[in-house]
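Quick notes on the structure that follows.
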Amino acid sequence: MSDPTGVRDPLADPARAAAVGAARERIEPGMTIGLGSGRAVFALVDLLGAIVPAPLRPRAVVASSWTEARARAAGIELVTLDDDLTLDLAVDGADEVDPGLALLKGGGGALLREKLVLAAARHVVIVAEAPKLVDRLGTTRALPVEVVRFAWPTTRRRLLELLPTATLRTTPDDTPVVTDEGHHLLDCQLSDADLAGLAAAIKSTLGVVEHGLFPDQADEVLLGQPDGSVRVLSR
């Protein structure tokens, strides 16, 4: 899967930097945390590596190969997610956030692992910039749906009974994107249907592995503002 960040310095955006700084304040020495994927998470990893002394850095479970590489470079100890591990905190980004703290995620292609990591955490913090707050999910971004590669066109056909569009995600050289778990991604336009019912219908569709709707995973959303302030949304 290609690098989803597209930037070398994810802290260059002042709004993102403000939200990441607020997330850093919620991480305490000795914690075991979950790290999702995307620019905000990469910025947090870089910050932890830069300002936190090695003995005080958290241990982490990571949700993507790109986050893993970044965390290793920052000197963060990595652990695996198993039945005996409950994460103190998980931090992730989002493509969109609605006023009820429902999320649309998966722009970077790590939505399946991200859901697994967030589900293992006592508290989930989402780091985003102010423009990602929307009245309704799907306003600015398509919904990623992760599907098995075998017979994916037939899965797409079934999804088109629920959604207006379902486009195979490809790389710049026009080959299909393959996720860390070896699946394809279909980017789908959201309809005006009830999102809870739609999420259940998508998940039950033959060939679908997971989708990018996260209706109730977030406990807290940190929205960075262009002036460097942070708006906090909580359940």
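Annotations
- Per-region count, the range 86-106, residues open to solvent by 30 Å² or more (accessible area, probe 1.4 Å) and not acidic (Asp, Glu): 3
- For LEU163, the conditions (1) closer than 21 Å to ALA110 by Cα; (2) more than 19 Å from the chain's Cα centre (by Cα) are fulfilled apart from (1).
- In the range 30-75, the residues that are open to solvent by less than 10 Å² (accessible area, probe 1.4 Å), in a loop (DSSP other than H, G, I, E, B) and either over 25 Å from GLU129 (Cα atoms) or in contact (Cβ under 8 Å) with a residue 40 or more places away in the chain (or both): GLY36, ALA63, SER64
- Scanning the range 140-175 for residues that are under 18 Å from SER191 (Cβ atoms), open to solvent by 40 Å² or more (accessible area, probe 1.4 Å), in contact (Cβ under 8 Å) with a residue 12 or more places away in the chain and not in a loop (DSSP other than H, G, I, E, B) gives ARG156, ARG158, THR167.
- Residue list for the range 80-122, filter: assigned to a strand (DSSP E or B), aliphatic (A, V, I, L, M) and within 21 Å of THR140 (Cβ to Cβ): VAL97, LEU103, LEU104
- As for the range 184-196, it holds no residue that is open to solvent by 20 Å² or more (accessible area, probe 1.4 Å), of a type outside the set (S, T, N, Q) and farther than 19 Å from LEU103 by Cβ.
- Residues located in the range 200-225, provided they are in contact with a strand residue (DSSP E or B) (Cβ under 8 Å, 6 or more places away or on another chain) and exposed (fewer than 14 other Cβ atoms within 10 Å of the Cβ): LYS203
- Restricting attention to the range 181-199, the residues being out of contact with any strand residue (DSSP E or B) (no Cβ under 8 Å at 6 or more places or on another chain) and either modelled with pLDDT under 95 or under 12 Å from LEU213 (Cα atoms) (or both) number 6.
- Across the range 176-235, the number of residues qualifying as within 19 Å of ALA130 (Cα to Cα), charged (D, E, K, R) and outside any strand (DSSP E or B) comes to 3.
- Scanning the range 116-126 turns up no residue that is over 25 Å from GLU25 (Cβ atoms), among the small types (Gly, Ala, Ser) and open to solvent by 30 Å² or more (accessible area, probe 1.4 Å).
- Which listed residue, of GLU161, GLU181, is closer than 20 Å to GLY93 by Cβ and among the acidic types (Asp, Glu): GLU181
The values are calculated or read from the model by the stated rules, or taken from the named source; none is laboratory data. Everything numeric here is computed off the predicted structure, so don't read it as measured data. All Cβ positions, even for glycine, are placed from backbone atoms using ideal geometry, and neighbour counts span all protein chains on display. Just the protein is used for accessible areas: all its heavy atoms, side chains included, with ligands, DNA and RNA removed. Shrake-Rupley method; radii C 1.70, N 1.55, O 1.52, S 1.80 Å.
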